[in-house]
1. Could you check the spin-label model distance between Q523 and R51? Points 7 Å from the Cα along Cα→Cβ, value in nm.
2. Which of rounded, prolate or oblate describes the stretch 146-281 when judged by the alpha-carbon gyration tensor and an a/c cut-off of 1.5?
3. Compute, for F352, the solvent-accessible surface of its heavy atoms (probe 1.4 Å) with the complete set of protein chains present, and express it in square angstrom to the nearest 10.
4. Local charge sum around S511 (other residues, Cβ-Cβ under 10 Å, Lys/Arg +1, Asp/Glu -1)?
5. Take K797 and S219, extend 7 Å from each Cα along the Cα→Cβ direction, and tell me the distance between the two endpoints in nm.
6. Suppose R0 equals 25 Å. What FRET efficiency, 1/(1 + (r/R0)^6) with r the Cβ-Cβ distance, do K428 and N449 give to the nearest 0.05?
7. Calculate the spin-label point distance for S593 paired with L722, positioning each point 7 Å from the Cα along the beta-carbon direction, and give it in nanometres.
8. When a/c is below 1.5 the answer is rounded, else prolate if a/b is larger than b/c, else oblate, so apply that to the stretch 469-515 with a ≥ b ≥ c taken from the square roots of the Cα gyration tensor eigenvalues.
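The values are calculated or read from the model by the stated rules, or taken from the named source; none is laboratory data. Because the structure is a prediction, the values reported are computed rather than measured. In this analysis, Cβ positions are derived from the backbone assuming ideal geometry, glycine residues included, and neighbour counts consider all displayed protein chains. Only protein heavy atoms, including side chains, enter the accessible area calculation; ligands, DNA and RNA are left aside. Shrake-Rupley method; radii C 1.70, N 1.55, O 1.52, S 1.80 Å.
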Amino acid sequence: MFSSIVVFLLLKLSFLFCSLSDPRCFWRIKDRENDLGDKEADCFFSIYTKRGYVKNDYFSENLDKQVTLKTIHLISSVYFAAEEINKNVYILPNISLIVKIECNLIADNVKRIWSLKKKEIIPNYYCKNQRRYLIVLTGPIWITSYILGPFLYFSQTPELYCGHFHLLLNDQEQFPHLYQMTPKDTSLPQGMVSLAVHFRWNWVGVIITDDDHGIQFLSELRTGMESNTVCLAFVTIITYNRMLYLKMYHKYYHQIIMSSAKVVVVYGDKESPLQFNFILWKSENIQRLWVSVSQFDMITVIGDFMLNSLHGTLIFSHQQSEISGFKQFMQTVHPSNYSNDISLAKMWWTYFKCSLKPPDCKTLKNCPTKTLFKWFFVPPLGMSMSETCYNLYNSVYAVAHSLHEMLLQQVDTCSENDGKVLEFNSWKMFYFLKTIQFVNPAGDLINMNQNRERDTEYDIFYIMDFLKHEGLKMKIGRFSGHFPNGQQLFMSDEMIEWATDIKQTLASACSVPCRPGLRKYFQEGKAVCCFDCYPCPENEISNMTDMDQCVKCPEDEYANIDQTNCLKKVVTFLDYKEPLGMALAVLAVFFSSLTIIILCVFLKHRDTPIVKANNETLSYVLLTSLIFCFICSLLYIGYPTMVNCILQQTTFAIVFTVAASCVLAKTITVVLAFKITVPGRRLRWLLLSGAPNYIIPICTTIQMILCGIWLGTSPPFVDADLHMIHEHIIIVCNKGSVTAFYCVLGYMGSLALASFTVAFLARNLPDTFNEAKLLTFSMLVFCSVWVTFLPVYHSTKGKAMVAVEVFCILASSAGMLLCIFVPKCYLILLRPQINSFHEFRKIHAKSININRM
């Protein structure tokens with residue numbers, strides 16, 4: 001027996017996913033002629049046994065005329081179960097279950113409860129030779145069991161309560177004889193929270209009744225909401241005190257109407273003023289999506305659904321299967337009242353096969369009425385059971401299986417009364433009942449063990465009005481507590497999209513969701529679901545909706561404009577292939593070639609006065625250094641390497657020092673040459689000894705010492721600057737020691753300034769080929785370029801900064817080349833008659849005569 005049940009459970013779980021592929025749909029007509037709606041009567045279903053097959057006397061004493069249609073529905077489920085059992089040869093063979101039904105006990109007999117005729121109203125109260133009942137099934141109204149339950153206990157009769165679970169009836173000290181068929185809603189709060197998370201509702205209202213049942217549900221719901229970031233927009237607690245309720249009605253109304261929550265959870269006792277509340281709200285046209293349980297799936301006295309809304313209603317119902325044959329049984333018992341499907345649809349929900357949707361209907365709202373009615377009557381059609389009906393049905397089977405188990409174990413508990421009537425020990429049967437488990441005819445496992453914690457399963461239904469007098473109920477999902485968190489809710493997205501517009505139109509949120517690229521900023525003193533949306537900080541992203549914090553991009557990536565993705569930064573450097581690098585390289589090659597040509601011209605005309613008069617050796621050295629100045633600029637172009645970085649700075653520093661010291665030596669040579677022509681001067685030995693030429697190695701040695709210190713302490717290296725430009729990684733040569741760099745640059749600047757000063761003072765010396773003016777102007781250009789370099793260099797970024805440095809090298813070098821040597825080349829190549837010793841003597845003689853005069 002146990003192994004078969006285990007196999008059944010495994011098969012049941014394996015088909016859990018498949019169950020949504022064959023959806024269940026129900027259709028109902030709102031009977032406007034029935035002014036009681038789905039009002040239920042309190043009933044006692046007293047069961048006893050007889051030998052052989054005995055047919056129950058259905059609806060004796062005109063019982064059907066004393067109760068509502070909903071109560072007839074409940075009674076029929078009990079008779080149907082008893083009829084199936086009595087005809088089943090495998091359960092209680094040769095024994096029949098007989099049911100006696102008494103309804104409206106509270107309303108009809110409240111005045112007689114304390115009368116001397118208690119035996120007429122208290123089940124199982126009997127005198128000698130009178131019938132004793134085996135067990136009593138009660139429901140659906142809990143207050144009946146609460147008031148009359150103690151009398152059953154006094155009369156030694158067990159009770160099976162088949163209504164919705166109630167905490168007060170769960171007190172085993174007060175009700176030791178009572179067993180509740182409906183399990184406690186332990187998984188219901190988590191199921192509703194999972195539904196809210198699925199539809200992304202984070203701003204939900206709650207309406208409960210003011211009792212322990214409602215308060216406990218609210219506590220469990222609040223805990224589940226907090227762990228899933230779903231917030232309570234408001235909590236309305238409906239009081240049982242009718243006078244206080246009338247005073248609080250407007251407060252209840254304003255709570256819901258002033259809230260922005262579009263989804264409201266409803267839970268509590270439907271017999272409380274809560275039902276009246278919704279009837280009034282119907283006239284106020286309050287439109288919300290209601291989320292509740294099956295006991296609120298009912299039609300009120302005004303002939304409309306209790307939870308009525310344009311958005312529809314979502315109902316959690318304990319999982320149950322449809323019972324085949326129930327429709328035919330009701331038509332057999334009441335051939336005149338329920339002869340067709342229309343009459344059954346007025347009583348309760350009629351189920352039909354809806355796996356095949358109506359043709360030419362993309363959505364339910366677009367379906368023509370005739371098409372829908374044809375869809376409703378697609379066979380097989382059947383009469384469904386309410387949750388209470390299903391509990392009553394299973395209760396009868398539980399009694400039968402308990403008695404059957406007693407007979408199998410040969411427990412001596414049976415006695416006969418009046419021949420056919422069998423009397424079993426009720427309490428021994430009740431002991432078996434509380435531990436038994438069986439599979440009912442619908443294929444559902446029924447486990448009566450109260451000590452075992454039952455993870456309840458819920459079917460999720462969507463109820464809507466599709467016409468003025470018709471309602472449609474569709475199964476759209478299931479919640480199962482058997483599975484781990486995150487895998488408990490199963491929703492049929494296809495059915496939801498076809499039958500509802502919940503996802504498209506209904507957004508219940510306190511704040512507009514923060515799109516990707518924004519982050520949530522929580523408002524102080526408000527719920528965590530209420531927030532503002534702020535852009536992410538620089539170089540941070542949010543790639544999902546409603547992110548609490550932005551994510552910083554890695555250093556080699558940057559945020560796009562929308563701040564939704566991190567993009568790889570582009571590696572950039574001053575390259576030969578790009579226009580700027582190519583232009584600078586062409587200029588360097590051009591000027592170095594021009595310098596070589598000028599050097600060749602000077603070598604060819606080295607015997608001419610203009611070459612000899614200006615210290616040709618210094619001219620050759622200066623031209624050679626300028627060639628290297630132009631060439632060293634090429635080290636700055638292309639992908640930097642360690643060797644390049646070291647050569648850049650040292651070559652630049654040394655060759656420019658040579659060039660600047662050559663200009664200084666030339667300037668001093670001019671001054672000395674002029675001074676020794678004056679009689680009485682004793683500086684001739686300085687000029688003849690070549691003392692000015694020693695300026696070059698001395699100055700260069702000092703610069704080399706500075707470069708050596710630089711390379712020894714903090715040499716230049718290849719560096720990737722990730723932050724200089726937002727979207728790029730700049731590959732540059734880091735100077736290493738900035739202090740050393742500026743010392744080298746300052747030293748060159750001091751040489752240039754000294755050369756400029758001396759040349760400026762000697763610019764008006766009267767000599768035939770005096771180049772002091774040319775040297776002055778070249779140093780003016782040199783100093784202007786490098787003074788301008790400093791602010792421009794610090795204001796640029798990336799490869800533009802390297803380009804500025806290259807441009808300054810080329811500009812300063814070209815300034816010296818053009819200012820000093822182009823005028824001389826002009827005389828050598830275009831005015832050769834001036835560049836001769838004969839002309840030189842004439843000019844020199846003329847200048848002597850002028851001096852003597």
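1. With each label point 7 Å from Cα toward Cβ, the separation is 7.9 nm.
2. Oblate, because a/c is 1.5 or more while a/b does not exceed b/c.
3. Per-residue accessible area (F352): approximately 10 Å².
4. Once positives and negatives cancel, what remains is 0.
5. Distance between label points: 5.9 nm.
6. Efficiency, rounded to the nearest 0.05: 0.90.
7. 4.4 nm
8. Since a/c reaches 1.5 but b/c is at least a/b, the shape of the stretch 469-515 is classed as oblate.
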